[in-house]
């Protein structure tokens, strides 16, 4: 058996297909992106090495800061609006409500639907003349509030964010709910014996127990926001006049519209570095919190 | 006070305020989907004036036949099935093989190879979109243009989950099989794969959701209409029929049904899988 488990040929047979596939399709292309980001290149003629010029241009590009700012607002909205709603729902459900499973399943339904369907549906919700939103406002006698949600610079960004927050409330709820359900009965029983009330139960027992899951969910919410693409690409294409542009969309436009491959690659590299930095940052913040 | 049999963490009654809140959120989560389903069965006259929210007065099932005859919905669904099924099978097989070598076999670089896969957890499609678009030019008019990256990006999490699972399993069965003279390839197929079945189903569900719903690469890599998957296909169709809301609604509903049916059948497995994927994320 020892010999069979050291058999070089067998090891290669088991590990090489996955390793080659992964390295060739996921890992090496990242390095390729790094190389492209140092070029001035339209994808047709020979690329020209320009050093860090794309990155310095990026940092001085008002449109990029605009897009980056939008993705950060989305991250903020996810963490400070979406996650608290998810947490509230999870804590109510965990508390044992009649129809607990039904509610949980209903809240979760939008999560499994593709963002392309959700985006196209919300496009109809926002339709200026016949959309669900303006129709509802009209029925409520709030015609003054009716608005061209996706077509106005003052509302396009928010209008793109609402369906994203809406779609994933159920996901984060599920994460909190399932980790709260996994808390051992001993801990809960001990707290009950000590006479903890509902509020104390949630804040002093359950939430501290699920901090690792909260950390994971904050990281998912932030990274998902920084990389957001699908919903905005369908709803507004970043418009009107860049009002809802985000970095991924800017990268896409730089590849397929203006054909600035080098610049687009610099944006791609910026996005993954940014995501890494935020992941480490969140881990540090939570590390502090857990140590307190 | 009535105690519930299931694990009720706080053992207290729900206040009416909480119930109202839950019902309100449930309505907000479901209403757009209800509305979509309703307008998929109406004509524009009803949607735009007479009856925008209620049940259809004249049920327009024709909207549904239209997306299959005039639109290419059947083809888009088929493409999604081909791409998703291939992605799931290849991800399961390759990841399980790599997992076996990493966890059970004895070689020096095992830890390093595992860490290389883990790096993948931090990558995103954004970082490889342009290079792959260039590298995969020769196969951009095949299903492989999507299967290759979908599998590559599904493997890191799959391997992470499977390694955790296999490490926790006892080795006795394998040892017995070796004593009985089974060779390592057969042992993998007859013993390891069945033992990993629970985690394989988790990975299959996670891979199904991510590849069935993937939009960005599908948008960029597939330009011929006959190869489009549902996410991009339905988006095109909505653009083509943008004034015929009933047809749009039917397209969106059909694009949603496969995942909804899956969810109805496997809701417990799906929610457990996603929660598990997150813990190990």
Scanning region A:122-155 for residues that are exposed (fewer than 13 other Cβ atoms within 10 Å of the Cβ) and over 29 Å from residue A:72 (Cα atoms), the one nearest to the chain's Cα centre (by Cα) turns out to be A:129
Could you tell me whether any residue of region B:228-236 is surrounded by fewer than 21 Cβ atoms within 10 Å (Cβ to Cβ), at pLDDT 90 or above and either closer than 21 Å to residue A:237 by Cβ or within 9 Å of chain A (Cβ to nearest Cβ) (or both)? yes
When region A:3-18 is checked residue by residue, the ones that are closer than 21 Å to residue B:155 by Cα and touching a helix residue (DSSP H, G or I) at 6+ places or on another chain (Cβ under 6 Å) are A:10, A:11, A:14, A:15, A:17, A:18
>> Criterion first (within 11 Å of chain A (Cβ to nearest Cβ), within 15 Å of residue B:147 (Cα to Cα), without any contact (Cβ under 8 Å) to a residue 40 or more places away in the chain and in contact with a helix residue (DSSP H, G or I) (Cβ under 9 Å, 6 or more places away or on another chain)) does residue B:93 satisfy it?
In response: yes
With criteria (1) farther than 16 Å from residue A:109 by Cβ; (2) part of a helix (DSSP H, G or I), residue B:223 comes up short on (2)
Here the residues within region A:29-56 that are farther than 19 Å from residue A:271 by Cα and within 8 Å of chain B (Cβ to nearest Cβ) are A:43
- Query: Are any of the residues in region B:5-28 away from chain A (no Cβ under 11 Å), farther than 30 Å from residue A:202 by Cα and either surrounded by 13 or more Cβ atoms within 10 Å (Cβ to Cβ) or modelled with pLDDT under 90 (or both)?
  - Reply: no
Of B:197, B:250, the only residue that is over 28 Å from residue B:96 (Cβ atoms), out of contact with any strand residue (DSSP E or B) (no Cβ under 6 Å at 6 or more places or on another chain) and more than 10 Å from chain A (Cβ to nearest Cβ) is B:250
Exercise. Please verify whether region A:58-70 includes one or more residues that are at the interface with chain B (Cβ under 8 Å from one of its Cβ atoms), closer than 30 Å to residue A:171 by Cβ and free of Cβ contacts under 8 Å to residues at least 40 places away in the same chain.
Key: no
Picking from B:79, B:44, B:51, B:115, the residue that is out of contact with any strand residue (DSSP E or B) (no Cβ under 7 Å at 6 or more places or on another chain), at pLDDT 90 or above and surrounded by fewer than 19 Cβ atoms within 10 Å (Cβ to Cβ) would be B:115
Checking B:134, B:159 in turn, the sole residue that is within 10 Å of chain A (Cβ to nearest Cβ), over 15 Å from the mean Cα position of the chain (by Cα) and under 14 Å from residue B:103 (Cβ atoms) turns out to be B:159
Filtering helices (runs of 4 or more DSSP H) wholly in region A:176-292 for at least 2 residues that are at pLDDT below 90 gives A:185-193, A:261-291
Here the residues within region B:264-281 that are within 7 Å of chain A (Cβ to nearest Cβ) and either modelled with pLDDT of 90 or more or outside any helix (DSSP H, G or I) (or both) are B:281
Scanning region B:251-271 residue by residue, the ones that are within 18 Å of residue A:119 (Cβ to Cβ) and surrounded by fewer than 16 Cβ atoms within 10 Å (Cβ to Cβ) total 2
Residues of region A:4-28 being exposed (fewer than 15 other Cβ atoms within 10 Å of the Cβ), at the interface with another protein chain (Cβ under 7 Å from one of its Cβ atoms) and modelled with pLDDT of 95 or more, in sequence order, are none
Worksheet item: Any chance region A:137-148 includes a residue that's under 14 Å from residue B:32 (Cβ atoms) and at pLDDT 90 or above?
Response: no
Residue A:110 vs (1) closer than 18 Å to residue B:265 by Cα; (2) more than 7 Å from chain B (Cβ to nearest Cβ): all pass except (2)
Screening A:158, A:187, A:210 for residues that are free of Cβ contacts under 8 Å to residues at least 40 places away in the same chain and crowded, with 20+ Cβ neighbours inside 10 Å leaves only A:210
Item checked: Any hit, region A:84-98, residues being facing chain B (nearest Cβ under 8 Å), out of contact with any helix residue (DSSP H, G or I) (no Cβ under 7 Å at 6 or more places or on another chain) and at positive phi -> yes
Subset of region A:190-204, residues under 29 Å from residue A:219 (Cβ atoms) and loosely packed, with under 12 Cβ neighbours inside 10 Å, comes to A:199
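The values are calculated or read from the model by the stated rules, or taken from the named source; none is laboratory data. Remember, it's a predicted structure, so these values are computed and weren't measured experimentally. Glycine gets a Cβ as well: all are built from the backbone with ideal geometry, and neighbour counts include every protein chain shown.
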